[in-house]
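Reviewing the structure listed below.
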Amino acid sequence: MSAVGAGGRLDPAALQVLISRLTGIAAEMGAVLARAAFSPNIKERHDASAALFTADGSLLVQAEHIPVHLGAMPASVAAVIERFGATAAPGDQFVVNDPFAGGTHLNDVTLVAPCFVGDELVGWAANRAHHADLGGGAPGSMPAAATEVFQEGLRIPPVPWSAQVRDLILANSRTPDERRGDLDAQFGANAVGVARLAELVTGGVDVATLDEVIAYGERRMRAAVAAVPDGTATFTDTMDSVGAGDDQRDPAVIRCRVTVSGDTVRFDFTGSDPQRPGNVNAVEAVTVSAVAFAVRHVLGPDVPANAGSLAPVEVVAPPGTIVAARPPVAVGAGNVEVSQRVADVCLGALAGLVPGRVGAASQGTMNNVLVGGDGWVYYETVGGGQGGRPGGPG
């Protein structure tokens, strides 16, 4: 792809073609994953996501999958690169589900694979999928009585994928056959992503032009933020204290102060409650995901979702709070409950800055249902939808 305009940039048409081709690769990864998966949770509910990253770990493109997966995935990829980036080789894959290493909750397992063309590392393919059971104190690996992450299931730091690691995971699940099939599907999805990205580069796309995709996302989002008048707005909401050890009369407070200054926007969660005794706690990566969702939803719905589109966005989440929990606290409900309320708080604050562009609040919960017995687990969410918009229904 050689259509270069002024300043050495790709011309607009060539850039859009490149973005579409890259996004198509991520979408194909997701389709392969769903088609090959064993569990209904991934095959039918499509509780999985896929994305491509540059060689340095910057988000390049993502498919239209799960926002809470995709917003947090860059932190897991960064954790893998920090440990293994210098020694990664063609054919390698790495696995991680640690919520405190860019994960969300233990159920969400991420596989990351490097893409080489010859000896050159040109990027990474990654996907994240929700596994219905990874051990812990109750079927589904999100026990409501948990007070520590150790009670929620198997915690996997970034490690190289191998048959031995797979066997370790299977030995800690109530549904090992499903887990084997889903993990194999994730492995295969990354293999497709790596192959397609390598084909793109060997077919004539200069690796340096991938950075232009990210630069374009940044230019578009900075322009969108700059169009908002400078100002500050604050929004506060509460959520029921449903975790073990929580005082039911003491709802958890989530507070967000949004400040727009020029072409940057800051989300400051100072004043949010300390992390709770139970599992209603979100790790920072989950909070970043919710912020990314709100920003893209309100300020840049047509801006490509990549590292550049979040460059103008700053997130301040004080460690040890309900929006940036620290180990060893339980976090199972942070991904599925706190994330929803954080998104609503962000949208509420943005409504004070761009009135008329923000819809009503959502249901604020994923309504998770977990049932299981001897050798089986079923996971479902009863969706409630998004609130109505100024110009149409939700």
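Going by neighbour counts of Cβ atoms within 10 Å, the residues Trp376, Trp161 line up, fewest first, as Trp376, Trp161. Considering only Pro99, Pro139, Pro319, the Gaussian network model of the chain with Cα springs below 10 Å gives its largest mean-square fluctuation to Pro319.
Applied to the range 45-52, the Karplus parametrisation 6.51 cos²θ - 1.76 cosθ + 1.60 on θ = phi - 60° returns per-residue 3J(HN,Hα) values of 7, 6, 7, 7, 8, 9, 7, 10 Hz, with x for Gly and Pro.
Using a Förster distance of 51 angstrom, determine the FRET efficiency expected from the C-beta separation of Thr87 and Asn367, and round it to 0.05. Approximately 0.75, to the nearest 0.05.
The amide H of Ser272, built 1.01 Å from its N in the peptide plane, has Arg255 as neighbours under 5 Å, considering only residues 5 or more places off or on other chains.
Its DSSP H runs of at least 4 residues, each contributing -39,500 (n - 2.57), put the calculated 222 nm mean residue ellipticity of the chain at -11000 deg cm²/dmol, to the nearest 500. Exposure proxy ranking for Ile25, Ile156, based on other Cβ atoms within 10 angstrom of each Cβ and starting from the fewest, stands as Ile156, Ile25. Less than 5 angstrom separates the built amide H of Glu148 from those of Ala330, all sequence-distant by 5 or more or on a different chain.
Placing +1 on each Lys and Arg Cβ and -1 on each Asp and Glu Cβ, with no other charges, gives the chain a dipole about its Cα centre of roughly 540 debye. Ranked by the mean number of other Cβ atoms within 10 Å of their residues, highest first, the peptides 129-137, 53-61 come out as 129-137, 53-61.
Each distinct pair of alpha carbons in the range 40-148 adds a 1/r term; the inverse of their mean, the Kirkwood radius, is 14.5 Å.
Beyond 21 Å, what percent of the Cα pairs of the range 6-215 remain? Across the range 6-215, Cα pairs with separations above 21 Å total 51 percent. Applying the Karplus relation 6.51 cos²θ - 1.76 cosθ + 1.60 with θ = phi - 60° to the range 280-285 yields 3J(HN,Hα) values of 8, 9, 9, 6, 4, 4 Hz, where x marks Gly and Pro.
Comparing mean-square fluctuations of Gln62, Gln151, Gln16 from a GNM of the chain with C-alpha springs under 10 Å, the top value falls on Gln16. Both radii are taken from the alpha-carbon atoms of the range 221-343; with Rh as the Kirkwood radius, Rg/Rh is 1.01.
Only the coordinates and a few stated rules stand behind these numbers; no lab work does. Everything numeric in this text was worked out from a predicted model, so none of it was measured. Because the Cβ atoms are built from the backbone with ideal geometry, glycine has one as well, and the counts that use them run over all protein chains shown.
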